[in-house]
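**Q** The following block contains the structure, expressed as structure tokens.
Taken together, the values in this text are just the output of simple stated rules run on the coordinates, not laboratory data. Given the structure is predicted, the values throughout are model-derived calculations rather than measurements. Don't worry about glycine lacking a Cβ; one is built from the backbone with ideal geometry, like all the others, and counts go over all protein chains shown.
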Amino acid sequence: MLKRLKQTDIFKKAADLVARRPHFSKELELKLLQRGFEKEPVLRVIQDFQTKGFINDKETAELYIEELKRKRHSRYYVVQKLVGKGLVRSFAEEMVQTFFLENEERQTITYLLDTKHSSPESIIRKGFDAELVRDVFGRKGDLGYAED
């Protein structure tokens, strides 16, 4: 059942959600729609929030990418999470490309193997590039993949 509420009611709920933590515009839209608000007023509030700088997908993506990097996730995983939050894949890939350096991924792979006792195969399954994993460990061909 859709709620026929004033624009200020939607604004208050959106402000409450954004005050708790940064939200992506699509994420905020979905939360408000799930609470029964009508789509057109929700979109107007989101547009207003973007204009006023209360929500900014680029800044939120930067924060989220940094958080996922600290948790030692792969580029692929981070892109998937951003797309799941409502970002367009090409934009998500561009943002991740900006924030991930190959050297950092090498360090993460080394850390995962040394401290988490992960196997190269499990690291590849987590979304890390197989060639990079092979290169880091100098074990080309030992991971059960065909050579190019």
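**Q** Can you sort Y111, Y77, Y64 so the residue with the fewest Cβ neighbours within 10 Å comes first?
**A** Going from least to most buried by this count: Y111, Y77, Y64.
**Q** Exposed loop sites here are trypsin sites (Lys or Arg not before Pro) in DSSP loop states with at most 14 other C-beta atoms within 10 Å. What is the longest stretch of the chain lacking them?
**A** Counting at most 14 other Cβ atoms within 10 Å as exposed, the longest clean stretch of the chain is 72-115.
**Q** Report the relative contact order of the stretch 1-142, percent, no decimals, based on alpha-carbon pairs under 8 angstrom and at least 6 residues apart.
**A** Relative CO of the stretch 1-142 lands at 20 percent.
**Q** Cα axis of helix 39-52 to longest principal axis of the chain: angle in degrees, 0 to 90, nearest 10?
**A** Result, in degrees: 70.
**Q** Let me ask another. Could you go through the stretch 6-17 in sequence order and give the Karplus-derived ³J(HN,Hα) for each residue, using 6.51 cos²θ - 1.76 cosθ + 1.60 with θ = phi - 60°, rounded to whole Hz, and x for Gly and Pro?
**A** Karplus-based 3J(HN,Hα) across the stretch 6-17 equals 5, 4, 5, 5, 5, 4, 4, 5, 5, 4, 4, 5 Hz.
**Q** Which ³J(HN,Hα) values, rounded to whole Hz and listed in residue order, are derived for the stretch 90-104 from phi using the Karplus coefficients 6.51, -1.76 and 1.60 in 6.51 cos²θ - 1.76 cosθ + 1.60 with θ = phi - 60°, glycine and proline given as x?
**A** For the stretch 90-104, the Karplus-derived couplings read 4, 5, 4, 5, 5, 5, 5, 4, 5, 9, 9, 9, 4, 4, 5 Hz, x marking Gly and Pro.
**Q** A further question on this structure: If we restrict to alpha carbons, what Rg and Dmax does the chain come to, in Å?
**A** Cα radius of gyration and Dmax of the chain are 20.1, 63 Å respectively.
**Q** Rounded to the nearest 500, what is the chain's calculated 222 nm mean residue ellipticity when only DSSP H runs of at least 4 contribute -39500 (n - 2.57) each, over all residues?
**A** -21000 deg cm²/dmol
**Q** What is the Cα coordinate range of the stretch 7-55 on the first, second and third principal axes, sorted by size from largest, in whole angstrom?
**A** 22, 18, 18
**Q** What is the diffusion coefficient of the stretch 44-127 in µm²/s, taking the Kirkwood radius over Cα pairs and the Stokes-Einstein relation at 37 °C with a viscosity of 0.692 mPa s?
**A** This corresponds to a translational diffusion coefficient of 234 µm²/s.
**Q** If we count other beta carbons within 10 Å of each Cβ, what is the order of D114, D135, D129, fewest first?
**A** Ascending Cβ contact count within 10 Å gives the list D114, D135, D129.
**Q** When Rg is the radius of gyration of the Cα atoms in the stretch 86-126 and Rh is its Kirkwood radius, what does Rg/Rh come to?
**A** Answer for the stretch 86-126: 1.11.
**Q** Another question about this same structure. Let me have the relative contact order for the stretch 7-55, percent, based on Cα pairs under 8 Å that are six or more residues apart.
**A** 46
**Q** While we're looking at this one, here's another question. Looking at the chain, which longest stretch skips every one of the GluC sites (Glu not before Pro) that is in a DSSP loop with at most 15 other Cβ atoms within 10 Å, leaving the sites themselves out?
**A** Maximal segment without exposed cleavage sites: 39-146.
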